[in-house]
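Structure record follows, encoded as structure tokens.
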Amino acid sequence: MTDQDTAVEGPLDVKSVGVIGAGQMGAGIAHVCALAGYDVKMSDVSEDQAKAAIDQIARNMERQVKRGKIDAADKDAALARILPGGSLEIFGDSDIVIEAASENEEIKREIFKALCPLIKPQAIVCSNTSSISITRLASVTDRPERFMGMHFMNPVPLMKLVELIRGIATDEATFETVRVMAEKLGKTTASAEDFPAFIVNRILLPMINEAVYTLYEGVGSVKSIDTAMRLGANHPMGPLELADFIGLDTCLAIMHVLYDGLADTKYRPCPLLVKYVEAGWLGKKAGRGFYDYSGDEPVPTR
């Protein structure tokens with residue numbers, strides 16, 4: 001097959017979307033794609049996990065119905081467009097496949113190596129990575145020109161932004177295809193260069209890390225730090241509460257990417273953040289982080 005056979009002349013007419021990973025991000029991406037009218041296939045390590053994610057999507061859509069954001073017919077039609085699976089082979093006819101696995105470069109690289117032989121030559125592959133080099137991930141694929149970053153914010157159905165990141169080889173038709181698709185999802189796009197953590201997390205995670213240092217050094221308690229930033233900087237959520245929501249393991253992984261990629265000591269992960277992750281206190285998903293979530297109301301752990 002020649003390059004001419006697989007060349008993309010202009011933006012693709014995307015009809016089917018594949019989503020790898022049925023966690024919070026993958027489920028959110030499947031949710032918005034299905035509501036926008038795309039046929040969606042969502043795969044996880046087991047089909048049962050993908051089916052469980054569809055149940056969660058149904059509950060989230062039902063909340064949207066109750067708030068008047070969508071009607072019941074929209075919900076039913078969108079859910080009917082999502083097909084769960086337990087292997088990458090279901091993506092054979094997908095026009096775009098979006099990887100939303102955990103923020104671990106080795107895991108992502110292995111996924112892309114396994115995925116590429118199974119999909120159409122003209123299919124575009126995107127990663128929802130929040131920090132890892134797009135150029136480096138693209139290098140393990142057979143289509144670096146049709147590979148780019150499509151970084152959704154959490155929770156996907158509510159957050160309007162999608163960061164679009166080109167790798168060094170990403171072609172213009174691929175970028176335009178993904179940009180148009182993101183806008184059809186009702187999102188606003190921001191284009192970022194392929195530097196560690198891109199725009200949002202390059203700014204946000206050092207702020208969270210500094211909040212952890214402020215706690216570590218005894219400048220303020222969890223409650224006082226979060227109250228200060230909510231009321232003093234008008235943030236909707238304090239930085240430590242936000243860290244728990246993101247997941248402290250994810251926060252630490254992004255700080256490691258920044259520290260390793262930029263070689264600047266200002267990105268050194270706070271030892272207290274490391275300690276919490278080592279303890280398994282990963283935030284809301286683990287029931288404990290900077291707050292304890294076992295009761296009716298979150299209680300600061302320090």
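The values are calculated or read from the model by the stated rules, or taken from the named source; none is laboratory data. Keep in mind that what you see is a predicted model, and the values were worked out from it rather than measured. A quick note on method: Cβ atoms are made from the backbone with ideal geometry, for glycine too, and the neighbour counts reach across all protein chains shown.
Take the residues in region 16-33 that are in a helix (DSSP H, G or I) and of a type in the set (Gly, Ala, Ser); name whichever of them is nearest to the chain's Cα centre (by Cα). Selected residue: Gly26. Has region 150-163 got any residue that is assigned by TED's automatic domain parsing to the domain that holds Cys116, more than 17 Å from the chain's Cα centre (by Cα) and surrounded by fewer than 24 Cβ atoms within 10 Å (Cβ to Cβ)? There is no residue in region 150-163 that is assigned by TED's automatic domain parsing to the domain that holds Cys116, more than 17 Å from the chain's Cα centre (by Cα) and surrounded by fewer than 24 Cβ atoms within 10 Å (Cβ to Cβ). Condition check: out of contact with any Gly (no Cβ under 9 Å at 6 or more places or on another chain), over 27 Å from Leu12 (Cα atoms) and assigned to a loop (DSSP other than H, G, I, E, B). Does Val212 satisfy that? No; evaluated as a whole, the condition is false for this residue. The residues of region 191-201 that are crowded, with 18+ Cβ neighbours inside 10 Å and out of contact with any helix residue (DSSP H, G or I) (no Cβ under 6 Å at 6 or more places or on another chain), listed by number, are Ala192, Phe198.
Only residues that are of a type in the set (A, V, I, L, M, F, W, C) and surrounded by fewer than 16 Cβ atoms within 10 Å (Cβ to Cβ) were counted across region 275-302, and they come to 2. On the stretch given as region 101-155, residues that are within 20 Å of Ser191 (Cα to Cα) and aliphatic (A, V, I, L, M) total 9.
Residues that are among the aliphatic types (A, V, I, L, M) and more than 21 Å from Lys160 (Cβ to Cβ) do occur in region 33-44. Out of all the residues in region 45-53, is one or more assigned by TED's automatic domain parsing to the domain that holds Ile96, within 17 Å of the chain's Cα centre (by Cα), over 20 Å from His151 (Cβ atoms) and at pLDDT 95 or above? The answer is yes; a qualifying residue exists. Does region 203-223 include one or more residues that are aromatic (Phe, Trp, Tyr) and outside the structural domain of Cys33 (by TED's automatic domain parsing)? Yes, some residue in region 203-223 is aromatic (Phe, Trp, Tyr) and outside the structural domain of Cys33 (by TED's automatic domain parsing). Taking region 245-270 as the range and being among the hydroxyl-bearing types (Ser, Thr, Tyr), modelled with pLDDT of 95 or more and crowded, with 21+ Cβ neighbours inside 10 Å as the test, only Tyr267 passes. Per the listing Ile82, Ile134, Ile119, Ile98, the residue uniquely within 24 Å of Asp260 (Cβ to Cβ), modelled with pLDDT of 95 or more and either surrounded by fewer than 16 Cβ atoms within 10 Å (Cβ to Cβ) or assigned by TED's automatic domain parsing to the domain that holds Val17 (or both) is Ile134. Taking helices (runs of 4 or more DSSP H) as the structural unit, those lying wholly within region 239-280 and holding at least 3 residues that are over 25 Å from Ala228 (Cα atoms) correspond to 248-262.
Within region 164-190, the set of residues being surrounded by 14 or more Cβ atoms within 10 Å (Cβ to Cβ) and among the hydroxyl-bearing types (Ser, Thr, Tyr) comprises Thr170, Thr174, Thr177, Thr189.
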